[in-house]
Amino acid sequence: MDIFSLVRAKHNLVFKLALIAFVSFLLALMLPYREVKGHKVDAFNAIWPYADLVTDQDFFIRKSELELKTEKEKIIRETPLFFEITSGEKEERLAQLSLLETSQPKAYAALKPLFDSIYKRGVIESLDEEQLKNKQIFETNGFYAEAVTYYDFFTIKSAVEFIESRLGGQVLSVNYLDYLALTHRYSKSKTELYLNSKLEQVSVYRNVIKAGHVLVKQGQTLTNNTRNLINRYYYFQNQNVAFSWLKFFAKWGLTFLLSLVLLVFLAFFRKQIFGQNKQVAFLFFLLLVAVTTTFLFHKFGFMVLALPYALVPILVRVFFDGRTALFTHLMIVLHCSFFMPDKLEFILLQLIPGIGTLFAVAEMRKRQQILNAAALVFLFYVFIFVCYELSFGTPLAVSKFTSYVPFAISSMLVLLAYPLIYLTEKFFGFISDFKLLELCDLNQPLLRKLSKEVPGTFQHSLQVANLAEEAIFYIGGNSLLVRAGAMYHDIGKLKNPYYFTENQADGFSPHQEIEPVESARIIIEHVIVGIEMAKKYNLPESVIDFIRTHHGTTSVRYFLNLFEKQGHDSIAAEGRFRYPGPIPFSKETAVLMIADGVEAASRSLKSHDALTINDLVDNIIDYKIAHQQFINSDITFKDITTIKKIFKKRLMNIYHVRIEYPD
């Protein structure tokens, strides 16, 4: 056999192995690359509950964006202004002034000493007060700069005022501005050059912490500065993770093994789930979602303990069983524990409340049970946390109110089970106990139609539901599922209802006017019609299975015998009198088959006493066993013995049979 033939022959197993290989690959990508010593902290973390956090490498304390912005704004605000010394224009203006000595000697004599005084101090370019605020002034000459005071200089305006004040009202026919020149001009280029050089020198790091430094001790109260140090350290670690193929394959092997354990559990102990690829995929989807969410919360520093891990056993229990829910929850908790500094505490905190929720939702008959589960989860969280911290952890953490905030959030998020159950039903096609309760509601359109149009069949379905539900209760199984299946198993009788005994109120049977073969066809047809009607009304497949299997591959014996009495070859025509099947494949469908046969046959008894009922139940069940109707279901002889006792007792109560006791 070549590889392709082998894959085709074992395609279901190949799919499951490929599934866990893919899922474990993704999980390995998300698992931490180094030992987790703690988490990022925020205002909710009042103390450091883990072991002393010692740095394993040098790392820089990076300034925050606000700190960098503030520092740069300060540099911009305090950057000095540079004024360049210019002498060429001053010399030109003084040369012009000297011409007055011959043309206007009196004006020259008055102005010359004043301009000498002005130029001795210097004339600086005028800037507004806002530009000069808190600014130091430098005068530059080439590459040389010296600090000066702005108000030690004249401006053009102050120089004119100085001249006018010294002349004391003396009027000269001279424009003073013609002889005033700037000796210090503002140099925007040099100022910006200096500013840019200072901005470039701003470091993004505040300081460096050497390897081996104790950042925070266990039980230490956290300040904002300490929280910042811790978060910077974890950020630095995440930024400097070196990928290692050896580590990756080691993690992949670990996650693959844990995933394989879950698959093997299903293969050995839950064969029905293992045989359904969609159900297996759902369990591993839950695993992937749980680890992905934990990874994201760990990476971004959110409260990991606020995640509602207790949702997992609730979701699995609603659609499967308690043992599968517990085992799936255990595998998820083990995977997620790799993200935790104290793995033992995390496992205890999540595993025990998860088990507690299974007690609360053991029988999902009321939506209030989820609310009870949420309260129970919170109590378990608090109890385990207090006991563990007082025994092995940080006792001071017990007294901090913020320590319990994640537990409260996690417990409240358990209530997300309501919408998640609904979404899972829609996307995966599963059926929950809540859905089954809705289907059993007598106001459902199909059941109302059944009760109005064929009340005899409706009453028969109710009796079958009561019988089957009680039997399943004692032998173990999904009692809600078997009740819903019983309520809908005969909906095909809505077509041609009067061809069925329970609907023949006046005693007349239409079968008297047709041939046995045609009668058998009409009777057998109610299974096919029922399946089509159930699909039209969007009933779940698990309920439709009861319609398919409630007669299995048995024969319509009454009409087959009648056909034989008419002289026909019954052996050759037996296929025309046989139901199409399939035979029951679960404990629930097997019990419904028995309940349906027993209840229907009990109506035809001429006398209802202990003996006839006893023989009836034994004969019906023995007939089903003889025709191998239960070979695909997981029902045992012990279960069948229990079912016989229950059905006999129940039928006696229905028909008010009095048990005679010896004198």
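Would you mind telling me which numbered condition in (1) modelled with pLDDT under 90; (2) within 18 Å of Val36 (Cβ to Cβ); (3) more than 22 Å from the chain's Cα centre (by Cα) His298 fails?
(3)
If you scan the range 405-438, which residues turn out to be buried (at least 17 other Cβ atoms within 10 Å of the Cβ) and more than 30 Å from Phe546 (Cα to Cα)?
Filtering the range 405-438 for residues buried (at least 17 other Cβ atoms within 10 Å of the Cβ) gives 406-407, 410-411, 413-414, 417, 421, 424-425, 430-436.
The answer is Pro406, Phe407, Ser410, Ser411, Leu413, Val414.
Please list, ordered by residue number, the helices (runs of 4 or more DSSP H) wholly in the range 82-135 having 1 or more residues that are outside the structural domain of Arg185 (by TED's automatic domain parsing).
Per the criteria, no element qualifies.
Going by what's in this entry, would Gly301 be described as at positive phi, touching a residue at least 12 places away in the same chain (Cβ under 8 Å) and not acidic (Asp, Glu)?
On the way: at positive phi: yes; touching a residue at least 12 places away in the same chain (Cβ under 8 Å): yes; not acidic (Asp, Glu): yes.
The answer is yes for Gly301.
Test of understanding: among Leu26, Leu68, Leu19, which residue is in contact (Cβ under 8 Å) with a residue 40 or more places away in the chain and over 30 Å from Ser337 (Cα atoms)?
Values: Leu26 fails: over 30 Å from Ser337 (Cα atoms); Leu19 fails: over 30 Å from Ser337 (Cα atoms).
None of the others qualify; the one that does is Leu68.
Run Asp506 past the list (1) in contact (Cβ under 8 Å) with a residue 12 or more places away in the chain; (2) surrounded by fewer than 22 Cβ atoms within 10 Å (Cβ to Cβ) and report the number of the one that doesn't hold.
(1)
It is to be established whether one or more residues within the range 120-131 are closer than 30 Å to Thr191 by Cβ and either of a type in the set (S, T, N, Q) or under 33 Å from the mean Cα position of the chain (by Cα) (or both).
At the first step, the residues of the range 120-131 found to be closer than 30 Å to Thr191 by Cβ are 120-131.
Of the ones still in play, those that are also either of a type in the set (S, T, N, Q) or under 33 Å from the mean Cα position of the chain (by Cα) (or both) are 126, 131.
Looking for residues that are closer than 30 Å to Thr191 by Cβ and either of a type in the set (S, T, N, Q) or under 33 Å from the mean Cα position of the chain (by Cα) (or both), one finds at least one in the range 120-131, hence yes.
Among the candidates Asp639, Asp609, Asp615, single out the residue that is under 52 Å from the mean Cα position of the chain (by Cα) and acidic (Asp, Glu).
Details: Asp609 fails: under 52 Å from the mean Cα position of the chain (by Cα); Asp615 fails: under 52 Å from the mean Cα position of the chain (by Cα).
Sole residue among the options that is under 52 Å from the mean Cα position of the chain (by Cα) and acidic (Asp, Glu): Asp639.
Please enumerate the residues belonging to the range 266-292 that are of a type in the set (Phe, Trp, Tyr) and crowded, with 19+ Cβ neighbours inside 10 Å. Walk me through it before giving the result.
The initial filter retains those residues of the range 266-292 that are of a type in the set (Phe, Trp, Tyr), namely 268-269, 274, 282, 284-285.
Listed by number, the residues that qualify are Phe274, Phe282, Phe284.
For Val171, which of the numbered conditions (1) of a type in the set (A, V, I, L, M); (2) surrounded by 11 or more Cβ atoms within 10 Å (Cβ to Cβ); (3) out of contact with any Ser or Thr (no Cβ under 9 Å at 6 or more places or on another chain) fails to hold?
(2)
Considering the range 214-242 alone, what residues qualify as being out of contact with any strand residue (DSSP E or B) (no Cβ under 7 Å at 6 or more places or on another chain) and at pLDDT 80 or above? Spell out the reasoning first.
Filtering the range 214-242 for residues out of contact with any strand residue (DSSP E or B) (no Cβ under 7 Å at 6 or more places or on another chain) gives 217-218, 223-225, 227-228, 231, 234-235, 237-242.
Within the range 214-242, Lys217, Gln218 qualify.
Quick one: how many residues across the range 518-543 are surrounded by fewer than 18 Cβ atoms within 10 Å (Cβ to Cβ) and outside any helix (DSSP H, G or I)?
2
Restricting to the range 301-317, count the residues that are under 16 Å from the mean Cα position of the chain (by Cα) and either more than 19 Å from Phe339 (Cβ to Cβ) or part of a helix (DSSP H, G or I) (or both).
Of the residues in the range 301-317, the ones under 16 Å from the mean Cα position of the chain (by Cα) are 302-316.
Checking the rest, the ones that are also either more than 19 Å from Phe339 (Cβ to Cβ) or part of a helix (DSSP H, G or I) (or both) come to 304-306, 311-316.
The number of residues fulfilling the criteria is 9.
Would you mind stating whether Tyr194 is surrounded by 13 or more Cβ atoms within 10 Å (Cβ to Cβ), under 60 Å from the mean Cα position of the chain (by Cα), under 30 Å from Ile76 (Cβ atoms) and of a type in the set (Ser, Thr, Tyr)? Before the answer, list the steps.
Details: surrounded by 13 or more Cβ atoms within 10 Å (Cβ to Cβ): yes; under 60 Å from the mean Cα position of the chain (by Cα): yes; under 30 Å from Ile76 (Cβ atoms): yes; of a type in the set (Ser, Thr, Tyr): yes.
It is true that Tyr194 is surrounded by 13 or more Cβ atoms within 10 Å (Cβ to Cβ), under 60 Å from the mean Cα position of the chain (by Cα), under 30 Å from Ile76 (Cβ atoms) and of a type in the set (Ser, Thr, Tyr).
For the range 471-484, state whether one or more residues are in a helix (DSSP H, G or I), among the basic types (Lys, Arg) and closer than 22 Å to His526 by Cα. Spell out how you get there, then give the answer.
From the range 471-484, those in a helix (DSSP H, G or I) are 471-475, 479-484; that's our starting set.
From the residues that got through so far, the ones that are among the basic types (Lys, Arg) too are 483.
Next cut, closer than 22 Å to His526 by Cα only: 483.
Checking the range 471-484: at least one residue is in a helix (DSSP H, G or I), among the basic types (Lys, Arg) and closer than 22 Å to His526 by Cα.
Can you confirm whether the range 468-476 contains a residue that is more than 23 Å from Ser602 (Cα to Cα) and either surrounded by fewer than 19 Cβ atoms within 10 Å (Cβ to Cβ) or modelled with pLDDT under 90 (or both)?
First pass over the range 468-476, keeping only residues more than 23 Å from Ser602 (Cα to Cα): 476.
Checking the rest, the ones that are also either surrounded by fewer than 19 Cβ atoms within 10 Å (Cβ to Cβ) or modelled with pLDDT under 90 (or both) come to 476.
Yes, that holds for at least one residue.
Answer yes or no as to whether Ala290 is touching a residue at least 40 places away in the same chain (Cβ under 8 Å) and either in contact with a strand residue (DSSP E or B) (Cβ under 8 Å, 6 or more places away or on another chain) or assigned to a helix (DSSP H, G or I) (or both). Give the steps one after another, and end with the answer.
Values: touching a residue at least 40 places away in the same chain (Cβ under 8 Å): yes; either in contact with a strand residue (DSSP E or B) (Cβ under 8 Å, 6 or more places away or on another chain) or assigned to a helix (DSSP H, G or I) (or both): yes.
Here the answer is yes, as Ala290 does meet what is asked.
Would you mind telling me which numbered condition in (1) touching a residue at least 60 places away in the same chain (Cβ under 8 Å); (2) closer than 26 Å to Trp48 by Cβ Leu348 fails?
Here Leu348 clears every test but (1).
The values are calculated or read from the model by the stated rules, or taken from the named source; none is laboratory data. What you see is a predicted model, and the numbers here were worked out from it, not measured in a lab. Methodologically, a virtual Cβ is constructed for each residue, glycine included, from the backbone with ideal geometry; neighbour enumeration extends over all protein chains shown.
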